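The values are calculated or read from the model by the stated rules, or taken from the named source; none is laboratory data. Computed from a prediction, not measured in an experiment: that's the story for all the values here. Positions of Cβ are generated from backbone atoms using ideal geometry, with glycine treated the same way; all protein chains shown enter the neighbour counts.
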Amino acid sequence: MRLPSLSCAVLFCSALKFTVWTAPTIAQSIMAAPDSTGTIIQHNGNTYYIQGGTQAGANLFHSFQEFGLSTGEIANFLSNPTVNNIFGRVVGGSPSIIDGLIQANPNLYLMNPAGIVFGAGASLNVGGDFTATTSDRIGFENGWFNAIGANDYAALVGEPNQFAFLQAHPRAILNQGNLQTEGNLSFVGGSIQNQGQIVSTGGNITLAAVPGTRLVNLAQPGMLLSLDLPNTALNQGASLLDLPDLLTGPVGDVAIAGEVQGEQVDLYAAGIVSPTDADLVQGNTRVVRFTVLGENPDQAVFIDARADSPEQLLFGAEAGTVSQIIERDEDGVAVISEQLSVISKSVGELDSVAIVAEGNEGNFWLGNDWLRAENIGDYATQLQSWGEALTTNADILLYSCFTALGATGEALVNSIANLTGADVAASVNATGSSNYGADWL
């Protein structure tokens, strides 16, 4: 059980820490790497036209010795209409310091294991999705796009399905600019810090700070990222130990001091997720905390918006949890049913589900659903589906005041247990820390 102690009004306060990083102010130029990828850079005025590269199916690959932009400069990725995805790697060992405009028509992936900084003058004009990662490799069904070393480009067809982080302490991604896209926008690195603005007007935002030496399985639409351990063969020949340690920060943390806005905002962290103000994150938000061992979460936490300080519970949840707020106008049981299906299909069956809600004797609220002993049968099909997402000995923890009190409370708890197949724990009095006269220790 990894939920903080709660009171009837959710007696919990999380101290959110934020560490300011200072971005370097000197950017590099864009230089093609001296390899066989075939990247061609034409510099005209303030614009770098990026051409050539190696095409495999609908994927176009580029290799850069350095990739950076000074204020007012433009990196324009050119491609033919048959290209769906452009992948760029940076092999020189220096972080990418980007203070200008990146533009491309297809989806664009930028990989630099040495770190990526978007300065205050950075912006995007990308027709598809944009992904920045400090991973060491991007995986496809039949091979890897390596950040360092040779690539078998002919095998790299189809959509990417994995990022490989082979170092113990992956480098960070820092944004101080105004990054806006119409499609999905994803940062996947060792640590993520947003001091600027990240907005998707028509897609989802993913900010993922992942532990080192892990494979990140890329999510299908609506699903969650998940982690695996890389095998021994994957680690061979990919050492970056001599890279300069120019981008450091709280390893595994997602720190937010600027606006993040999207239809769906997914925040992943091996450490903590810490917005300086909860209102900075706008959109349907999920917070995923990997376990202390860097494994996938095994507990789902659903927080009814009526609870006191629900955002503090969302961003302050402990390691090993997937947390989400249920708004007052949502069908709460349906939301949980859908999310449990998504989570279990992404990371496996869960050991427990915690529900933080307002309630009273024999009832509690989930969005606009008022669950009572008298109507719990109306939700039978959905509650039975919860059990499909849970392990055999899973628990459902109801953090709501007095819900288990009396005959009606007992009947409600027993009904939920029978329908889900889980062990259900609920309170007969004030729910929260014993320091406040409540019954949870």
* Having 3 or more residues that are over 21 Å from Ser352 (Cα atoms) and out of contact with any Cys (no Cβ under 7 Å at 6 or more places or on another chain) is the bar; report the strands (runs of 3 or more DSSP E) wholly within the stretch 256-317 that clear it. => 260-269, 273-275, 281-289
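Is it fair to say Arg328 is within 23 Å of Leu398 (Cβ to Cβ), modelled with pLDDT of 95 or more, surrounded by fewer than 21 Cβ atoms within 10 Å (Cβ to Cβ) and basic (Lys, Arg)?
Taking the combined requirement at face value, the residue satisfies it.
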* **Given (1) part of a helix (DSSP H, G or I); (2) closer than 22 Å to Val117 by Cβ, number of the condition Val251 does not satisfy** => (1)
* Asked: Which one of these does Pro211 not meet: (1) part of a helix (DSSP H, G or I); (2) within 18 Å of the chain's Cα centre (by Cα)?
  -> (1)
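Conditions tested, residue by residue: (1) assigned to a loop (DSSP other than H, G, I, E, B); (2) in the same structural domain as His62 (by TED's automatic domain parsing); (3) crowded, with 23+ Cβ neighbours inside 10 Å.
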| position | (1), (2), (3) |
| --- | --- |
| Ser135 | yes, yes, yes |
| His169 | yes, yes, no |
| Phe187 | no, yes, yes |
| Val199 | no, yes, no |
* To do: Give the residue that is surrounded by the fewest Cβ atoms within 10 Å (Cβ to Cβ), with candidates limited to residues of the stretch 94-120 that are among the aliphatic types (A, V, I, L, M) and over 19 Å from the mean Cα position of the chain (by Cα).
  => Ala120
* Being at pLDDT below 95 and of a type outside the set (A, V, I, L, M) narrows it down to one of Gly143, Gly196, Gly202, so name that one. => Gly202
* Asked: Could you give every pair whose Cβ atoms fall below 8 Å, whose first residue belongs to the stretch 335-359 and is farther than 19 Å from Leu371 by Cα, and whose second residue is of a type in the set (S, T, N, Q) and assigned to a helix (DSSP H, G or I), counting only separations of at least 6 or pairs across chains?
  -> Ser341/Ser385; Leu350/Ser344
